[in-house]
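In what follows, a structure is listed as structure tokens, so that the remarks can point back to it.
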Amino acid sequence: MRKWTTADIPDQTGRTALVTGANSGLGLASARALAARGARVLLACRSRERGEQALRTVRATAHTEPKLIQLDLAELDSVRYAAAEVREATGDALDILMNNAGLMATPKGLTSDGFELQFGTNYLGHAAFTWLLMPALRGGRAARVVTLSSLAARGGRLDVGDPNFEHRRYNPGLAYGQSKLANQVFALELDRRLRAADEAVISVAAHPGYTATGLNPAMARSYPNKALSAAIGGVTRLGDLLIAQNVRTGVLPQLYAATAPGVNGGDYIGPGGPAELRGYPKIVQPLRSALDRSTGAALWEVTAKLTGITPDPA
């Protein structure tokens, strides 16, 4: 595959894209790139202050006025409210939904609804948001849902019987891996159900390889023990310096998934370099566990039960 870059993004004039976590890192880079190619971009951010800053950044190169949507994925009431706002703001016509936001390897915590923090934020919030926005996606043109997974999914184990670590010993890294594996499983299961329902919307997964996104410093700051926080920060800074690619390259897989011609539902896009750590985007192989239909069906069912939201498509 040739070296695909943001210069290859097709003209997005007349299309509307929503990016979660658009205030920094891969989300902000995605919002800027899509806006620069003509899309109307909705920036879904938890912090209004940081969202307003990102809005100004995107506006500087946008051809169409962007809009801020306040969204806290760790709070289902916020997810419901944001989805309703998006449907009204778009007139039920959304062309790209990029499920990008996330947090990584944090100490054990709970969302406002009582879910394990990483599973609740990275996965359940996005799954609920996607289901609630399906009417708007159906009103879009050749709409795509792009859900971000991670290389960390390789070390994850999805326990649909205990996704919130109520009976297992909590491990920050394993919890992060589980949440990103769940994202991958959901993306593929969503596409299976869209195909079964003969829908025009497609669902695609992507991952950024090892990219210095700002998640590592945020992870280090999340630990209250100052010595532990400093140690984690030192190790991750070294990794970012020696191994990681920059955001300009790391964002390409999700932009490719969202815009490139020839992308099919169920595709998984990642970096094309060794071990998918870095490089230009290409279609890569999903994890075997993510391809398992029984796992997808079980996750779909438990997600509906936990969130209380009716799956769409059913």
Return yes or no: is ALA35 crowded, with 20+ Cβ neighbours inside 10 Å, in contact (Cβ under 8 Å) with a residue 12 or more places away in the chain and over 20 Å from the mean Cα position of the chain (by Cα)?
no
Members of the range 76-88 found to be in contact (Cβ under 8 Å) with a residue 40 or more places away in the chain and crowded, with 17+ Cβ neighbours inside 10 Å, listed by number
LEU76, VAL79, ALA82, ALA83, VAL86, ARG87
Regarding THR13, is this residue β-branched (Val, Ile, Thr), touching a His at 6+ places or on another chain (Cβ under 9 Å), modelled with pLDDT of 95 or more and surrounded by fewer than 19 Cβ atoms within 10 Å (Cβ to Cβ)?
yes
Of these, ALA290, ALA258, which one is touching a strand residue (DSSP E or B) at 6+ places or on another chain (Cβ under 6 Å), aliphatic (A, V, I, L, M), outside any loop (DSSP other than H, G, I, E, B) and modelled with pLDDT of 95 or more?
ALA258
If ALA60 passes every condition in (1) touching a Cys at 6+ places or on another chain (Cβ under 9 Å); (2) exposed (fewer than 15 other Cβ atoms within 10 Å of the Cβ) but one, which one does it miss?
(1)
Need the failing condition index for LEU188 against (1) surrounded by fewer than 19 Cβ atoms within 10 Å (Cβ to Cβ); (2) at pLDDT 95 or above, just the number.
(1)
Is there a residue being within 25 Å of PRO271 (Cα to Cα) and more than 20 Å from the chain's Cα centre (by Cα) anywhere in the range 46-69?
no
Test each condition in (1) in contact (Cβ under 8 Å) with a residue 40 or more places away in the chain; (2) at positive phi for ALA22 and report the one that comes out false.
(2)
Among the residues of the range 8-57, which ones are part of a strand (DSSP E or B) and touching a strand residue (DSSP E or B) at 6+ places or on another chain (Cβ under 6 Å)?
THR16, ALA17, LEU18, VAL19, THR20, ARG40, VAL41, LEU42, LEU43, ALA44
Every listed condition ((1) over 11 Å from ALA101 (Cα atoms); (2) in a helix (DSSP H, G or I); (3) within 21 Å of the chain's Cα centre (by Cα)) holds for TRP4 save (2)
Pairs only if they're at least six apart or on different chains, beta carbon under 6 angstrom, first in the range 278-291 and under 23 Å from THR259 (Cβ atoms), second surrounded by fewer than 16 Cβ atoms within 10 Å (Cβ to Cβ); list them, first residue then second.
GLY279/GLY273; TYR280/LYS3; LYS282/MET1
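The values are calculated or read from the model by the stated rules, or taken from the named source; none is laboratory data. Just so we're clear, the structure is a prediction, and the values are computed from it rather than from any experiment. Counting neighbours? That spans all protein chains shown, and the Cβs are built from the backbone with ideal geometry, glycine included.
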